[in-house]
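Below is one structure; the comments refer to it alone.
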Amino acid sequence: MGKQRKRRSFIGKAARWLLFVHLWYWGIIAILCILYSFVNPPITPIMLERYLIRGYPISKRLYIPLERIPKYTSAMLITLEDGNFYQHHGFEWNMIKEAYIKNKAKGKIIHGGSTLSNQLTRTLFLTTDRNYLRKYLEAQATVILELIMSKERILELYLNYAEWGKGIYGIQSAAWHYYKCSAENLSKERTMKLLCILSNPIRYGPEDYASSSSARARMRLLRTYY
């Protein structure tokens, strides 16, 4: 009986500790989501990770409000990354199921089945590490993000914080880096080139996107619809 009581006591303490950790995590994410609904994050974990581990510079980021970004840019991004962006609440269960089956067959995490909300959550709060703990934390943070932020704000932050090269974050920074103009003045062709390299922006740029099979496939999809 004494051993059973000790075991129950240990389980109870562990459960309370886990609950405390989760409440602490949820609270921090909620506070940041409220803050980032009105204030642009000065830096993100991915920027720090790239700087500390790979030595990529954290150059001055150029921000552009969503209303100044052409509508076709947002539409193209949604077509490529998350076709049901305005319909779901952060998750595409069919994509998750498909990614799980593929990852199980490979024996490691390769496919993520991520929505734009998932990707923004990862960008603002987590890292690029591929493991199930990060996915677990990402899922919880995505629920909070979707509850607090509007879809327009999620889209605006994504376009301004997505990685577009070594030390290049956001479409405005990418437009000036690659084309010496504002994102609002990019042609549809140049916009498509920038968006198609989001699958691997570190290795490929908009002018050599054709070297990537995934970028070529993304470009074909965009040209089909736009």
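The values are calculated or read from the model by the stated rules, or taken from the named source; none is laboratory data. This one's a predicted model, so the numbers in the text were calculated from it and none came from an experiment. When we count neighbours, we look across all protein chains shown, and the Cβ atoms used for this are built from the backbone with ideal geometry, even at glycine.
Data table
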| quantity | calculated |
| --- | --- |
| Close pairs (9 angstrom Cβ cut-off, 6 or more residues apart or separate chains): surrounded by 10 or more Cβ atoms within 10 Å (Cβ to Cβ) in the range 1-21, modelled with pLDDT of 80 or more and of a type in the set (Ser, Thr, Tyr) anywhere | none |
| Filter result for the condition that a residue is in contact with an Asp or Glu (Cβ under 7 Å, 6 or more places away or on another chain), of a type in the set (D, E, K, R) and modelled with pLDDT of 90 or more, over Arg50, Arg54, Arg68 | Arg68 |
| Search result, residues across the range 39-60 that are part of a helix (DSSP H, G or I), loosely packed, with under 14 Cβ neighbours inside 10 Å and either within 18 Å of the chain's Cα centre (by Cα) or of a type in the set (Ser, Thr, Tyr) (or both) | Leu48 |
| Matching residues in the range 177-208 - criterion: being part of a helix (DSSP H, G or I) and in contact with a strand residue (DSSP E or B) (Cβ under 9 Å, 6 or more places away or on another chain) | His177, Tyr178, Leu194, Ile197, Leu198 |
| Hits in the range 160-176 - residues which are in a helix (DSSP H, G or I) and more than 13 Å from the chain's Cα centre (by Cα) | Ile171, Gln172, Ser173, Ala174, Ala175, Trp176 |
| Candidates Leu145, Leu157 - the one that is within 26 Å of Gly55 (Cβ to Cβ), aliphatic (A, V, I, L, M), at pLDDT 95 or above and in a helix (DSSP H, G or I) | Leu157 |
| Qualifying residue in the range 75-97 (condition: β-branched (Val, Ile, Thr), at pLDDT 90 or above and farther than 19 Å from Ala139 by Cα) | yes |
| The range 199-220, residues that are of a type in the set (A, V, I, L, M) and more than 17 Å from Ile78 (Cα to Cα) | Ile202, Ala210 |
| Flag for Ala139 being assigned to a helix (DSSP H, G or I) and at pLDDT 95 or above | no |
| Cross-chain or 6+ apart pairs with Cβ under 6 Å, the range 83-99 first and within 18 Å of Ile154 (Cβ to Cβ), then modelled with pLDDT under 90 | Met95/Gly113 |
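Conditions (1) crowded, with 22+ Cβ neighbours inside 10 Å; (2) hydroxyl-bearing (Ser, Thr, Tyr); (3) touching a residue at least 40 places away in the same chain (Cβ under 8 Å); (4) touching a Lys or Arg at 6+ places or on another chain (Cβ under 7 Å), marked per residue:
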position: Arg134; (1), (2), (3), (4): no, no, no, no
position: Lys188; (1), (2), (3), (4): no, no, yes, no
position: Cys196; (1), (2), (3), (4): yes, no, yes, yes
position: Ala215; (1), (2), (3), (4): yes, no, no, no
